[in-house]
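Asks: Handing you this structure, nothing more for now.
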Amino acid sequence: MLMRGVIVLLWCGAWAASGASELRFCLRIDPKTFNPLLAEDESETTVRYLTGGVLIRLNRYTQELEGELATQWKVSENGRRIDFELRHGVRFSDGAPFTCQDVAHTMQQLMDPALHTPVADPLRSAPGDVETKCAGPFTATVRFPGPVANLAAQFDQVAIISATSPHKESAVLGPFELGEYKPGAYVLLRRNPNYWKRDANGHALPYLDSLRLEIQQNRELELLRFRRGELDIINKLDPEMYDRLSAEMPRAVVDAGPSLDWETIFFNQVDSAPLPEYKRRWFHSGDFRRAISEGIRRDDIVRIVYHGHAHAAAGPVSVANRFWLNPALKPASGSEGTAMSLLEHGGFRRVGTTLVDGAGHKVEFSMITNAGNKLHERMLALIQQDLARLGIQLNVVVLDFPSLIERISRTFNYEAVLMAWANIDLDPSQQMNIWLSSAANHQWNPNEKTAATPWEAEIDKLMRAQNASQDPKKRKAYFDQVQQIVADQAPMLFLVNPNALAAVSPSVKNAAPAVLSPQIIWNADRLQLGGTLVSER
Amino acid sequence: MSRGINPMRTIALAVLAIAMAASLGAGLLARHSYAEQFRDAISAPPSAQFWLGTDELGRDRFARLLYGTRVSLVLAPCAALLSTLIAGLIGGAAGYLGGRWERIVTAGVDLFLSLPWLFLLLAVRALLPLNASPVTSVAITFLLLGCLGWAAPARIIRAGTRTLVNSDYLVQASANGISRWRLFWRHLLPNLRPILLAQFWLSVPLFILSEANLGLLGLGVSEPLPSWGAMLRELENYSAVLKNPWMLAPAVLLVVIVSCLQLLLRTEEGAPC
């Protein structure tokens with residue numbers, strides 16, 4: 001009898017140790033903070049997404065806004081004011097009740113200039129204070145000093161923190177709470193026992209007991225551990241890994257289609273850059289930039305570099321962004337004839353197999369990219385041959401990332417650069433820091449005092465207009481024009497939008513990978529592991 | 001005593017000679033340019049057209065192997081020669097002059113060895129002009145390797161020189177009033193030759209592997225010029241290697257060449273001067 005008891009105990013221990021309801025995946029780096037208001041990099045925003053409760057959530061799958069802690073909301077006063085009806089009976093993970101005071105406290109903390117949080121930047125539309133008023137425990141009104149574009153969607157990033165809990169940011173309203181953190185090893189998130197959501201059958205969510213977010217930079221090790229069954233999910237697979245895994249475990253890989261991310265090229269148009277005058281003239285020439293864009297065979301990049309897991313880009317909006325895409329724009333043709341016509345129009349001519357400019361200078365320039373990125377290196381090898389067809393010599397230079405950033409943002413000692421951009425937001429107001437000529441990320445010529453060209457001035461005007469308007473149709477019309485100008489002037493050459501590739505163990509149930517970050521775990525509260533019983537909670 | 005024929009040495013020399021001849025005659029042996037992309041034949045298996053198949057950009061692997069061998073096999077000995085010369089000058093002078101000079105050089109060498117040379121190499125590489133052609137870029141890479149690889153040999157050469165300087169015959173020569181220059185050229189340098197040669201032969205494979213390592217980091221020879229390092233990067237995709245074993249050709253060649261160089265080194269060390 002005693003023996004049987006021991007065996008049962010051992011079996012129970014083994015079942016518990018097997019982590020049957022613990023989902024495991026990797027973060028690339030350690031989160032530097034668990035304060036949701038300070039979350040900045042991918043690790044921090046992932047933890048915030050899984051632990052933080054928000055008033056309004058952008059559904060990553062349908063791309064629609066949904067009420068979470070707010071059951072209703074209304075934007076008024078041309079984007080200066082938003083009223084929320086808050087959900088009743090919600091409690092923080094430590095049991096503290098959720099009321100309007102928590103919303104007011106969160107907004108006060110968020111807008112504190114001393115906090116330096118990037119989450120608050122889009123909400124700082126004009127000088128002045130943000131006011132939050134509570135008409136009752138479950139009615140909140142937030143008023144901004146100026147109109148905020150896409151105001152409701154901004155609250156997807158604002159995790160509510162408790163005004164009264166002694167546990168401060170540790171008290172959360174999301175599906176999971178921070179359980180344990182071992183720097184360099186893992187972050188363990190445990191099920192929030194007070195999470196307010198229930199499924200259609202009335203079961204308390206989340207289904208999982210815990211999430212183990214292991215810190216792992218090495219993608220090969222991550223893949224190996226997934227194949228061994230030690231991980232359940234891999235977010236953002238590269239195409240080569242995807243194909244390898246696809247051959248071995250076809251049921252485990254997911255291609256969710258084009259992501260919002262860009263692969264782009266831009267030329268140095270900074271006036272103070274240490275460039276010869278003739279090269280500065282090339283890079284300032286719209287014909288030259290468009291010719292380079294036309295000469296690049298994007299289809300080959302998609303087929304050869306991405307093994308088909310990418311989409312040729314026409315502009316700054318991915319086809320994944322259904323509302324904001326300007327459907328009139330088509331990707332550049334890759335036609336040698338079109339590219340040569342543009343170059344001839346710009347005063348360039350062929351001498352034998354070499355392209356020269358009007359003054360007889362051989363067209364040769366360098367393009368830098370970051371070391372260790374095989375996709376970039378392959379892309380550059382293809383582009384090098386594409387441009388050689390036009391008589392252009394492209395010198396490929398691979399630099400370590402800090403050196404690259406130093407060159408493109410401080411010394412401006414470069415000619416052209418191939419870079420990847422990660423986009424997490426659908427709304428163009430998030431691209432203000434790229435398209436405004438005065439912006440720091442106006443990468444081809446940052447921080448212009450006044451717009452250097454008429455078309456940049458026009459983009460400034462249109463971007464400000466779309467940002468100030470609350471009418472989605474008007475905003476769309478303004479941003480369509482911006483996309484058209486960008487296509488005509490080619491300050492940035494958009495090459496491809498890589499697909500959102502992921503690996504999901506067949507044991508993970510209810511997975512519905514989305515192209516928007518955090519891809520697979522966007523519905524973490526509804527994910528289940530095979531063999532795990534959904535307990536009657 | 002005359003040096004007998006060592007069959008291993010002969011084989012090693014023959015292999016190296018064949019590899020060098022094939023790489024120098026790459027233009028005649030290869031059917032395609034190393035840079036030409038056959039985009040409709042990416043990752044193709046070996047065929048009459050492509051003897052070792054094509055890489056992931058559709059480039060002829062055989063042509064790239066020959067040209068890559070030229071890059072590695074010509075430039076690595078040049079870098080080794082440079083580093084051995086620097087090491088000989090610094091280490092030899094320190095050992096010969098002794099006293100304060102020796103202490104300064106020893107401390108300098110220790111300091112140099114303690115530097116993370118990879119980061120130094122990356123930093124120097126990042127400072128180079130961007131519009132250097134691929135050939136210039138690879139030459140600079142090996143030049144940097146040569147300039148940074150002198151410290152360890154210098155330490156050995158210093159110790160060897162010190163031993164020679166304290167040897168009976170040099171003390172006697174010095175006592176007989178032979179000038180320092182004559183002492184150095186006539187007596188010291190010829191006896192340092194085995195150490196210098198050993199350091200040279202040791203450095204050649206070291207620099208080949210260093211370039212390969214830099215290539216693995218994406219910081220070696222720039223596109224489209226091939227090198228062993230750049231070709232070895234393909235082996236990261238191990239599942240593709242299992243399916244396409246011909247991808248191992250650069251690794252096999254690297255092992256063969258480095259083994260031959262080691263064989264030469266051993267026979268050189270074992271041989272009397």
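Asks: Is the stretch A:31-174 best put as rounded, prolate or oblate by its Cα gyration tensor, with a ≥ b ≥ c the root eigenvalues, rounded for a/c under 1.5, and otherwise prolate when a/b is larger than b/c, oblate when not?
Replies: Since a/c stays below 1.5, the shape of the stretch A:31-174 is classed as rounded.
Asks: Still on this structure, please answer the following. Would you kindly state how much longer the chain becomes between A:LYS474 and A:GLU406 on full extension, computed as 0.36 nm times their sequence separation minus their alpha carbon distance, in nm to one decimal?
Replies: The span from A:LYS474 to A:GLU406 would gain 20.6 nm if fully extended.
Asks: For the stretch A:401-514, what does the alpha-carbon gyration tensor say about shape, rounded, prolate or oblate, given a ≥ b ≥ c as the root eigenvalues, a/c under 1.5 as rounded, and a/b over b/c as prolate?
Replies: Here the stretch A:401-514 falls in the oblate category.
Asks: Could you sort A:236-243, A:113-120 so that the peptide with the highest average Cβ count within 10 Å comes first and the rest follow in order?
Replies: A:236-243, A:113-120
Asks: Also, I was wondering about something else. Would you mind giving the total buried accessible surface between chains A and B, with a 1.4 Å probe and ligands, DNA and RNA left out, rounded to the nearest 100 Å²?
Replies: So the buried area, both faces added, is about 2600 Å².
Asks: Tell me, how many Å apart are the Cα centres for the stretch A:428-457 and for the stretch B:19-43?
Replies: 46 Å
Asks: Could you work out how far the C-alpha centroid of the stretch A:468-537 sits from that of the stretch B:70-91, in angstrom?
Replies: 53 Å
Asks: Sort out for me the Cα centre separation of the stretch B:180-244 from the stretch A:251-324, rounded to whole Å.
Replies: First find each Cα centre; the distance between them is then 37 Å.
Asks: Using the heavy atoms of the protein chains alone and a 1.4 angstrom probe, what is the accessible area of chain A per residue in square angstrom?
Replies: For chain A, the per-residue accessible area is 42 Å².
Asks: I'd like the Karplus ³J(HN,Hα) series for the stretch B:63-79: coefficients 6.51, -1.76, 1.60, θ = phi - 60°, whole numbers in Hz, and an x wherever there's a Gly or Pro.
Replies: With coefficients 6.51, -1.76 and 1.60, one gets 4, 5, 5, 5, 5, x, 5, 4, 4, 6, 7, 8, 7, 4, x, 4, 5 Hz.
Asks: Can you tell me the accessible area per residue over the stretch B:146-235, all protein chains present, probe 1.4 angstrom, in square angstrom?
Replies: Using a 1.4 Å probe on heavy atoms only, each residue of the stretch B:146-235 averages 45 Å².
Asks: Now for a different question. Looking at the stretch A:279-384, which trypsin sites (Lys or Arg not before Pro) are in a loop (DSSP not H, G, I, E or B) and have at most 16 other Cβ atoms within 10 Å?
Replies: When the trypsin sites (Lys or Arg not before Pro) of the stretch A:279-384 are filtered for loop state and at most 16 Cβ neighbours within 10 Å, A:ARG322 remain.
Asks: Right, something else. Could you compute the net charge surrounding B:TYR34? Neighbours are other residues with a C-beta less than 12 Å from the C-beta of B:TYR34; K and R count +1, D and E count -1.
Replies: Local net charge: +1.
Asks: Using the Kirkwood radius built from alpha carbon pairs, what does the Stokes-Einstein equation give as D for the stretch A:282-440 at 20 °C and 1.002 mPa s, in µm² per second?
Replies: 124 µm²/s
Asks: I need the semi-axes of the equivalent ellipsoid of the protein assembly as shown: take the C-alpha gyration tensor, multiply each eigenvalue by 5, square-root it, list largest first in whole angstrom.
Replies: 56, 36, 28
Asks: What is the dipole size for the protein assembly as shown, taken about its Cα centre, with +1 at each Lys and Arg Cβ and -1 at each Asp and Glu Cβ, in debye to the nearest 20?
Replies: Using Cβ point charges on Lys, Arg, Asp and Glu, the protein assembly as shown gives about 1780 debye.
Asks: Pairing the Cα long axis of helix B:134-148 with the longest principal axis of chain B, what angle in degrees results, from 0 to 90 and rounded to the nearest 10?
Replies: Compared with the principal axis, the helix lies near 30 degrees.
Asks: For the stretch A:169-242, what's the relative contact order in percent, using C-alpha pairs closer than 8 Å and at least 6 residues apart?
Replies: Here the relative contact order equals 22 percent.
Asks: Same structure again: Considering only protein heavy atoms, with the full assembly of protein chains and a 1.4 angstrom probe, order A:ILE520, A:ILE485 by accessible area, largest first.
Replies: Greatest to least solvent exposure: A:ILE485, A:ILE520.
Asks: Quick check: the angle from helix B:99-114's long axis to the longest principal axis of chain B, C-alpha only, nearest 10 degrees?
Replies: The answer is roughly 20 degrees.
Asks: Now, a different point. Heavy-atom accessible area of A:GLU42 with all protein chains present, probe 1.4 Å, nearest 10 Å²?
Replies: In the full protein context, A:GLU42 sits at about 90 Å².
The values are calculated or read from the model by the stated rules, or taken from the named source; none is laboratory data. Owing to the predicted nature of the structure, the values given are computational and were not obtained by experimental measurement. Positions of Cβ are generated from backbone atoms using ideal geometry, with glycine treated the same way; all protein chains shown enter the neighbour counts. These accessible areas exclude ligands, DNA and RNA; they are computed on the full protein's heavy atoms, side chains included. Shrake-Rupley method; radii C 1.70, N 1.55, O 1.52, S 1.80 Å.
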